[in-house]
Every structure is written in structure tokens, then in C-alpha cells.
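These notes are about the structure you will find just below.
The values are calculated or read from the model by the stated rules, or taken from the named source; none is laboratory data. These numbers were taken from a predicted model, which means no experiment stands behind them. Quick reminder, even Gly has a Cβ in these numbers, built from the backbone with ideal geometry, and neighbours come from all protein chains shown. The area values use the complete protein model at the heavy-atom level, side chains included, leaving out ligands, DNA and RNA. Shrake-Rupley method; radii C 1.70, N 1.55, O 1.52, S 1.80 Å.
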Amino acid sequence: MCGIIGAASSRNVGKLLIQGLHKMEYRGYDSAGIALHQKDHVTRLRALGKVQALEDLMIEHKPKSKLGIAHTRWATHGKPSEANAHPHASNEQIYIVHNGIIENYKELTKKLKDSGYQFASQTDSELIAHLIHHHYKNNDLLCAMQSATKELEGAYAIAAVDLNHKDQLVIARYKSPLLIGVGIEENFAASDPLALAQLTSNFVFLEDGDTAVVKKDSYEIFDAKSKSVNRDVTHLDIETSSVTKGEFSHFMEKEIFEQPQSASNTLESRLGSNDVLDNIFGLGSSEIFAKTKRIQFVACGTSLHAGKVGRFWFEEIAGIPCYVDFASEYRYRNPLVEDGTLFVTISQSGETADTLAALRYARDKDYLSTLSICNVPTSSLARESDHVLFTNAGPEIGVASTKAFTTQLVSLLLLAMSIAKSQDKNPIMREAITKELKDLPAAIDESLDTKTAIQKITPAIAEKNNALFLGRGIFFPIVQEGALKLKEISYIHAEAYPAGELKHGPLALVDDSIPIVALSPENDLTEKLISNLEEVKARGGTLYVFGEGQDQFTIDSGSYIGMPKCNKFIAPIIYTIPLQILAYYVACHRGTDLDQPRNLAKSVTVE
Ligand code: G6P
């Protein structure tokens, strides 16, 4: 998974392309490259490492051009290296950038090698350049692209330039996001509108099978049958301030501290005085909810943890059972779909390949309907689901998800309430949750005050190589999310366990080398959790406990960090905050590149 961008303009495009790549580094950042048309040749620059390394090369070489393509990479086939970085070229004639995976690359590579093409990389993408070259006749790059893509199996967003045309890009999309940005005397192509936020607010989203020719003053789109088609122009005001760090040191820090506002944005226009408003999931959703007997959640990573938290709420608030599955597993099962099951995907980006594939797979099954909880309105997931609720978190740039997670939780509460409302269940509980949700932004704000106490415990945790996270009930998926955060950005191995399971194995790990982080909110399980923590204490474990009643528990080694008193339904959201802060400061202490941790990417658009 990678980010691609292209530009045809009446001004120099080098800087614009590099700016766009910086905005798409969340899609991958192990190498980057650019190809710029220069009348009689194409200049290609590629660099291992982040986009900054490519930018440094550009400063050194200063190439000028009005037509170009560029790429930031997250390695799938072939290790990160300059040779494997895009753009890939064929015979110094065709240059391409690609996001996706070509599944039939072995057959196609063999065929192309047999016809004499020489490969310079270990990627599956290079063959696209040769295949286009193979089909290139009569100076017609579009036709060559259309013939080449007919042979490709897998997923692709491609942008290509050829030596014979200094004024046009040709692009193609299948199962990987791609759009045209419409400017004045310039047009662009990119994987994400964010990449073009400073250049235009008008976007045309390509559909699967589309190809297009993009020139500075025109563009033309062709469908899968190569027929010229019109696609709507969408106007999107992407706030450019939301893609800068402002006064914060990292995007992750900014996004953690934005959570009172992002939660409030999720709730806006969705709550009445005593209940959730009707049809917030779109017209007709209330009728679907009235018939919903079960929920199947499918998601990946942090979004999966949100589904696991949601399960508790759906059982309690809506009185319906839920199943929660990894998208990458679900799509290869043959699930038995029970009558009245609503299929729900959860995704920040709406482009995660496994989640999208699971949705497409589910569409052919007997689900009541499909619904997505998603942060990106223009995403494939949002467009392909019957019903959508946007989390309204705003752009999330830090690879480790924070505000997207808490807004997903808010959205899940709204969904559980909406289903309960459509089935006339638990009106008093719904009224209580409405009140709790109205207090949520202020309660998140208060929980951010744990920052100072957390900074004090950071050095002790940062020097360890392992950590154990404990929680019970609905707080178990919250500690799973806390452990994931710590792993992702500090590279400390962290494992989450339901505290009652300790005695069945992990207790054997307890000694002074493994910090144990536990969530101890006031609820029906507090006493049981405290007994579990006593077992840890008795074995000399170092405990870092977040809770509301220190008087119940003394700590010999470690610390107790007081949390604000919070109500039952919003408590899992509130207790998420200190775990995000903890991971953040531990990673800062260890000096990792925490907005872009090694080997990861924000949006995983490959299987
Ligand atoms: C990647 C990101 C995670 C994210 C997961 C699912 O692994 O690094 O932060 O939770 O993808 O992404 P989605 O956009 O579907 O929520």
C-alpha cells in the first residue's frame, strides 16, 4: 500500500508533488520517487527512506517540469530499496507509479521476460510499466493502459507518463483509491484528496475499471468498457490546518488532545434532549434497525477493538447478540448468516483492503443490510455500504489511531441506542446514556489531566521490554487497545489479558521486569479485579493502576493514578485516554519515530 500522485500544470509541479507525498506518508514511508517530463527525456529521482530524502534530492538536482508523477511506498513485494522504489520505467519510454498488488505477477513477469523485457526491481509493480510498453502503439498511451490493465489481476491505482507526451498523465483504478483533483490551468491525480488539499477543493472519484487522461486544462474518463463517461465532481473543503501539527510535537499528541472536540463533533446533530435522533444512519435505517436481531462486526486493528467494546453495549442496550471478527479472517470463512443479521464494518480510513473485501463478500450473503462506521466520507467503504455514520473525527495523521478510536466508540453507542429505539427497548437507559454523552467532551478533557502523573511513571516503563495490560469486562478490549498503542509506537512487547485469566498462565511471567498496567474503574467487577491485582502484588509485580478509588487498594511497587469519577457507559472511552497518553510518552522517552513507526502504515490498502 502506497500513495500515488500526478500533476499536469502550467507551472512547475515538482514541489506540488513532494508536498502531496508528504500528506500521504501515512500510506507508507519506506521509499519515495518522482518522474518529471522534460521534453526530450524523463528525470527520475528515487530515494530510500521518507519523502524528506526525496525532497533533499530534488533540492540538489532542481529539475523543472510541468508534468510528473510521484510515489511514497510501503513495501509489499521486494524490500525497501532505491531499485524497488517507484516510478518504475520501461525502456526510458514509459514511467508508472502504482498502489495495490498484482496477483498474477508471476505469469505476467514470465511472459514479459520471454518477450525480452529486462526487470530492474523485485516488485510486482514494474511489470505494469513493461506491459504498457508492450501494448504501446501509435503514440496512444491511453489505449496501451486500457489493454494492459485488462491483463492485470489484483488491485491497482496507476498513474503513467510517456516520453512522447509532455502534456498528459494516464491513470487507471481497480480496487485501490484514485481521484482526479480539478484545478485552474492544472489538474491532478492522487490516492487521497488530502494530498491535494492545498491545490483544489474539487475532486472526481474514479470507479473500478475506470481509466482517464488528465491534461492541464481537461480530463476525460473512460469506464471499464472504454466508453467515455461523466463522473460527478465532489466539492470538499479539507481544512489544511488539520494536517499540520500546530503547537504540538507530534500529530499523535495533537490528536490525543483534540478528543474533547472530536467527540463533540461526532455527537453534533445526533442527540435530542432525551434520546438519539432518528435516521442518523440515513433514511430508512430505522426500519432496518427495527428488524435487526444480530450484528456481525468486521474490522482490523484499532477499529476491531472498537467493535469488541461495542459488543458489550449492543448486548446491554439493544439486547441483541453480536459477533466480532478480524476482516482478514472473516473474508476467508464461510459464515453462517442467521436471519436478521446486520453487517457492520468499522474503519477510520474506509480503504482498508481486508475490511473492504469483507464488505464485498458480505454483500453476496443474506445479511439484512450493510452499515459502516467510518471517518472518511469519500472512502470506498462509505460509498459501498447501505448505511453509514461518519465519525467526524477530522483527518487523523498519526499512524497510531487515537481520536478515530474514541469517535468510533461514540458512534457505536449511538448505533446501539438507535437499534434499541427502533425496537422500543430500554428508554430509561437511553435517556441516561444521552445525558452521559452530553457530558463526554468535558469528561475527556478532565481525563487528559492524567498527563502529569503519567509523565512521572514513563521512565520506569520505557526501560522495560515487555508489559502486561489487565482489564475486565468491557475494559478488556480497552486494555487490548492500550497494549496495541504501546507496541505500535514504543516497540515494547505488550500483551493484554482479562484479569481473571491471569492465573491460567500469565501469572508465571510476573516479576519485577514486567510492568503491569491495569484499569480499575468503579463497577460491578472492581472487587474481583482488585483480588486479581493482589495476586500480582503477592508475586512482587510492579503495578500501574488507573482507577477511581485508591482507598481500596495500596500499591507496594508502581503507582496508582486517580481518574475522574465517570459514568458507566462513557467510562470505556474515558479510560482509553490515559493509555494513549502512556504509550505516547513512553515512545517519546524511547525516541522512536512515533507518528510513523517502523514497518507500519496508517491505511493498509493491500491484503
Ligand atoms: C492500520 C493502522 C491502524 C488501524 C488499522 C485499521 O493497521 O495502522 O491504526 O487501526 O489499519 O484501519 P482502518 O482505517 O480500517 O480503521
Mind listing whichever residues of segment 217-271 are within 21 Å of residue 178 (Cβ to Cβ), among the small types (Gly, Ala, Ser) and out of contact with any helix residue (DSSP H, G or I) (no Cβ under 7 Å at 6 or more places or on another chain)? 218, 224, 228
Report whether or not residue 401 is among the small types (Gly, Ala, Ser) and within 12 Å of the chain's Cα centre (by Cα). yes
Of all strands (runs of 3 or more DSSP E) fully inside segment 1-72, the set with 2 or more residues that are open to solvent by 40 Å² or more (accessible area, probe 1.4 Å) is 42-48
All positions within segment 39-75 that are in contact (Cβ under 8 Å) with a residue 40 or more places away in the chain and among the polar types (S, T, N, Q): 65, 72
Within segment 379-412, which residues are in contact with a strand residue (DSSP E or B) (Cβ under 6 Å, 6 or more places away or on another chain), touching a residue at least 60 places away in the same chain (Cβ under 8 Å) and polar (S, T, N, Q)? 408, 411
Output the number of the condition that residue 568 fails; it satisfies all remaining conditions of (1) assigned to a loop (DSSP other than H, G, I, E, B); (2) within 16 Å of the ligand (Cβ to nearest atom); (3) touching a residue at least 40 places away in the same chain (Cβ under 8 Å). (2)
Checking the conditions here, which among 204, 170, 213 is buried (at least 24 other Cβ atoms within 10 Å of the Cβ) and assigned to a strand (DSSP E or B)? 170
Would you mind stating whether residue 535 is farther than 25 Å from residue 300 by Cβ, out of contact with any helix residue (DSSP H, G or I) (no Cβ under 8 Å at 6 or more places or on another chain) and surrounded by fewer than 17 Cβ atoms within 10 Å (Cβ to Cβ)? no
Evaluate segment 259-277: report whether one residue or more is away from the ligand (no atom under 16 Å from the Cβ) and touching a Phe, Trp or Tyr at 6+ places or on another chain (Cβ under 9 Å). no
Got a sec? Which of 575, 584 is among the aromatic types (Phe, Trp, Tyr), within 16 Å of the ligand (Cβ to nearest atom) and outside any loop (DSSP other than H, G, I, E, B)? 584
Pairs, please: C-beta under 8 Å, at least 6 apart or cross-chain, first residue in the same structural domain as residue 223 (by TED's automatic domain parsing) and in segment 132-151, second of a type in the set (Ser, Thr, Tyr) and in a helix (DSSP H, G or I)? 135/147
Return the residue satisfying two criteria in turn: it lies in segment 289-333 and is of a type in the set (Gly, Ala, Ser) and crowded, with 21+ Cβ neighbours inside 10 Å, and of such residues it is farthest from the ligand (Cβ to nearest atom). 318
Filter pass, residue 478 being of a type in the set (A, V, I, L, M, F, W, C), within 23 Å of the chain's Cα centre (by Cα) and over 20 Å from residue 599 (Cβ atoms): yes
All conditions in (1) closer than 30 Å to residue 595 by Cβ; (2) more than 19 Å from the chain's Cα centre (by Cα) are true of residue 263 except (2)
When you scan segment 354-368, do you find a residue that is part of a strand (DSSP E or B), away from the ligand (no atom under 14 Å from the Cβ) and either without any contact (Cβ under 8 Å) to a residue 60 or more places away in the chain or out of contact with any helix residue (DSSP H, G or I) (no Cβ under 7 Å at 6 or more places or on another chain) (or both), even just one? no
When every residue in segment 334-353 that is farther than 26 Å from residue 400 by Cα, in contact (Cβ under 8 Å) with a residue 24 or more places away in the chain and assigned to a loop (DSSP other than H, G, I, E, B) is compared, the one farthest from the ligand (Cβ to nearest atom) is 339
